[in-house]
Amino acid sequence: MKPKAMDKSAQNTFALHPLLKQRWSPRAFSSTDIEPEKIRQMLEAARWSPSSSNEQPWRFILGFKGDETHQKIFSTLVEFNQLWANTAPLLMLAIGNTMSQKKPDQANPAYKYDVGQAVAHLTFQAMSDGLFVHQMGGFDTKKAALLLEVPFGFEVLTALAVGYIGDPEVLHPNLKKSEIAPRERRPLDELVFGKAFGEILSLVKP
Ligand SMILES: Cc1cc2nc3c(=O)[nH]c(=O)nc-3n(C[C@H](O)[C@H](O)[C@H](O)COP(=O)(O)O)c2cc1C
């Protein structure tokens with residue numbers, strides 16, 4: 001039986017789709033394996049996300065707990081992330097093609113933006129299948145590129161932990177507190193402007 005997801009829902013001011021409200025980045029994952037079909041579905045979601053000039057610069061490497069790829073990805077994580085990421089049955093690398101595939105010898109300035117967006121799509125497909133995704137920037141991207149034989153012109157951007165939600169009790173004591181703490185965000189009127197940058201847009205005032 002899968003453990004019930006903890007309620008870390010957004011304390012939103014305006015209404016949100018339930019998947020957006022319920023998404024968060026857990027550190028305690030269940031040891032339950034992910035069904036292969038669900039993995040295919042979340043990768044399919046990434047595949048169908050939009051990209052600048054339809055360049056589709058995203059690439060992914062998947063490591064399953066117990067296999068060599070999982071060990072290699074895990075070995076690149078900073079100490080803090082190693083405290084928890086081993087609870088996840090799936091570790092992934094999100095990689096970007098820095099070069100345009102349509103315009104010879106030209107860089108694609110949108111590759112990071114597009115890979116991030118593909119990961120967002122992947123995240124919500126995963127969530128609709130009951131899974132959670134935790135992205136990580138805390139890892140050695142150069143080491144990951146070397147260990148996983150990422151070719152020149154491609155850049156390792158983020159690592160992802162994916163799985164069903166787990167019991168916070170499995171976590172290192174230093175991490176338990178943040179696992180159950182409420183999530184925080186800046187108010188919308190600090191982020192969205194009207195006449196010019198910094199100018200309040202009354203539409204988004206609570
Ligand atoms: C690009 C990126 C890098 C991140 N790097 C890490 C990381 O190295 N370690 C970690 O524990 N969380 C990491 N996070 C998770 C963020 O800390 C988390 O998304 C943020 O605190 C908001 O919390 P929420 O996702 O639960 O809403 C990262 C998230 C993103 C999008």
Counted residues, the stretch 87-108 - those being within 13 Å of the ligand (Cβ to nearest atom) and either open to solvent by 50 Å² or more (accessible area, probe 1.4 Å) or outside any strand (DSSP E or B) (or both)
2
Confirm whether Thr13 is open to solvent by 20 Å² or more (accessible area, probe 1.4 Å), under 27 Å from Glu184 (Cβ atoms) and either touching a residue at least 24 places away in the same chain (Cβ under 8 Å) or of a type in the set (S, T, N, Q) (or both).
yes
Criterion: of a type in the set (A, V, I, L, M, F, W, C), closer than 22 Å to Leu83 by Cα, away from the ligand (no atom under 15 Å from the Cβ) and in contact (Cβ under 8 Å) with a residue 40 or more places away in the chain - qualifying residue of Leu147, Leu160, Leu171:
Leu147
Which of the residues belonging to the stretch 109-168 are of a type in the set (Asp, Glu) and at negative phi?
Asp114, Asp129, Asp140, Glu155, Asp167
Any chance you could count how many residues in the stretch 173-204 are in a loop (DSSP other than H, G, I, E, B) and surrounded by 11 or more Cβ atoms within 10 Å (Cβ to Cβ)?
6
Open to solvent by 70 Å² or more (accessible area, probe 1.4 Å) and not in a helix (DSSP H, G or I), is that true of Gln56?
yes
Determine if the stretch 137-148 includes at least one residue that is among the acidic types (Asp, Glu), open to solvent by 30 Å² or more (accessible area, probe 1.4 Å), in contact with a Ser or Thr (Cβ under 9 Å, 6 or more places away or on another chain) and over 23 Å from Lys72 (Cα atoms).
no
Pick out the one residue from Phe154, Phe132 that is within 12 Å of the ligand (Cβ to nearest atom) and either more than 20 Å from Ser9 (Cβ to Cβ) or among the aromatic types (Phe, Trp, Tyr) (or both).
Phe132
First in the stretch 67-80 and assigned to a helix (DSSP H, G or I), second anywhere and β-branched (Val, Ile, Thr), Cβ under 7 Å, 6 or more apart:
Thr69/Ile61
Quick check on Gln106: is it among the polar types (S, T, N, Q) and over 20 Å from Met136 (Cα atoms)?
yes
Which listed residue is on the phi < 0 side of the Ramachandran plot and free of Cβ contacts under 8 Å to residues at least 60 places away in the same chain, from Glu55, Glu44
Glu55
Is it true that some residue in the stretch 14-35 is within 12 Å of the ligand (Cβ to nearest atom), within 16 Å of Ala118 (Cα to Cα), touching a helix residue (DSSP H, G or I) at 6+ places or on another chain (Cβ under 9 Å) and among the hydrophobic types (A, V, I, L, M, F, W, C)?
yes
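The values are calculated or read from the model by the stated rules, or taken from the named source; none is laboratory data. Every value quoted in this text rests on a predicted model; they were computed, and no experiment measured them. Every residue, glycine among them, receives a Cβ derived from its backbone with ideal geometry; neighbour counts consider all protein chains shown. For the accessible areas, the whole protein counts, side chains as well, though only heavy atoms, and no ligand, DNA or RNA atoms are used. Shrake-Rupley method; radii C 1.70, N 1.55, O 1.52, S 1.80 Å.
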